[in-house]
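The values are calculated or read from the model by the stated rules, or taken from the named source; none is laboratory data. Remember, it's a predicted structure, so these values are computed and weren't measured experimentally. Note: ideal-geometry Cβ built from the backbone for every residue, glycine included; neighbour counts use all protein chains shown.
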Amino acid sequence: MDITSLQNPRVKHIVKLRDDKRQRQRDGLMLVEGYDEIQLALSAGHKPGTLLTAPELASRRVIPVGEMDGVTSETITVNRLVFEKMSYRENPDGWLGVFPIPSVSLDDLQLSPSPFIIVAESVEKPGNLGAILRTADAAHVDAVLVCDPRVDAYSPNVVRASRGTVFTVPVVETKSTQALVWLQKRGIRVLAATPSADAEYTRQDLRGPLAVAVGTEAEGLSQFWMSQADVKVKIPMMGKVNSLNVSIATALIVYEAVRQRR
């Protein structure tokens, strides 16, 4: 074992990266826990600076040492107690990577001939943003624009909820004003999802360049996006509540667009 002490400075630093957004921003580093999530990040071309593993927990999944050549600058083994202190999962599998935070700007985005974008405005729950990223990956959207963020897109909770798809979909944290200008310059229509719309989402033409904009569950989209939207759609609600979870609503609209585009 390379590290067996809970007081080791490396362990303390990783705990700070897990818990403190400011620490992640200062260091430009984030944590990715889980064998599958790390493999997904690697397959997307991202390389960890440090890979930590607890053999007591990771005995069923072993990466041959030779396969890590050129992938990470260091591999560290720790005991079970140390790993559990660093972990942010209930049942850790003994794999944890320290990755550079992806640096992606609006101008970096490579768009398809008919761009398909998700705009997530001020989503406040890590689980919802993570689920939106999973939908974005599954539907193969061009990018997710996290506008006026209330949650850190690279926090451990978002990484966990996204199952690592934060690495497979370009994610840009930006202001709503900047995102709108960028979309308009590229001729990308903005579709606002709102219970107050007259048209149902299945009755709109969702082909062509499109940005699906969703807001918070409590407040919905801000007046800024509502006033700038090219089209507004609703999901029919036939029960007592007037809206769905934002990640579910996003998935329904996105997959209707996928169906029409195919």
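Within the range 201-229, track down each residue that is assigned to a loop (DSSP other than H, G, I, E, B) and surrounded by 14 or more Cβ atoms within 10 Å (Cβ to Cβ). Steps first, please.
To start, the set of residues in the range 201-229 that are assigned to a loop (DSSP other than H, G, I, E, B) comprises 204-209, 215, 217-219, 221-222, 229.
Scanning the range 201-229 gives GLN204, LEU206, GLY208, PRO209, GLY215, GLU217, LEU221, SER222, ALA229.
Conditions (1) in a strand (DSSP E or B); (2) at pLDDT 90 or above; (3) of a type outside the set (A, V, I, L, M), marked per residue:
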site: ARG22; (1), (2), (3): no, yes, yes
site: MET30; (1), (2), (3): yes, yes, no
site: GLU37; (1), (2), (3): no, yes, yes
site: VAL82; (1), (2), (3): no, yes, no
site: PRO92; (1), (2), (3): no, yes, yes
site: ALA131; (1), (2), (3): no, yes, no
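Rundown of residues vs (1) outside the structural domain of ALA41 (by TED's automatic domain parsing); (2) over 28 Å from PRO9 (Cα atoms), yes/no style:
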residue: MET86; (1), (2): no, no
residue: GLY94; (1), (2): no, no
residue: ASP142; (1), (2): yes, yes
residue: VAL158; (1), (2): yes, no
residue: VAL172; (1), (2): yes, yes
residue: LEU183; (1), (2): yes, yes
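Could you list all residues from the range 183-200 that are among the aliphatic types (A, V, I, L, M), touching a residue at least 60 places away in the same chain (Cβ under 8 Å) and surrounded by fewer than 18 Cβ atoms within 10 Å (Cβ to Cβ)? Once the filter is applied, which keeps residues that are among the aliphatic types (A, V, I, L, M), touching a residue at least 60 places away in the same chain (Cβ under 8 Å) and surrounded by fewer than 18 Cβ atoms within 10 Å (Cβ to Cβ), the range 183-200 yields nothing.
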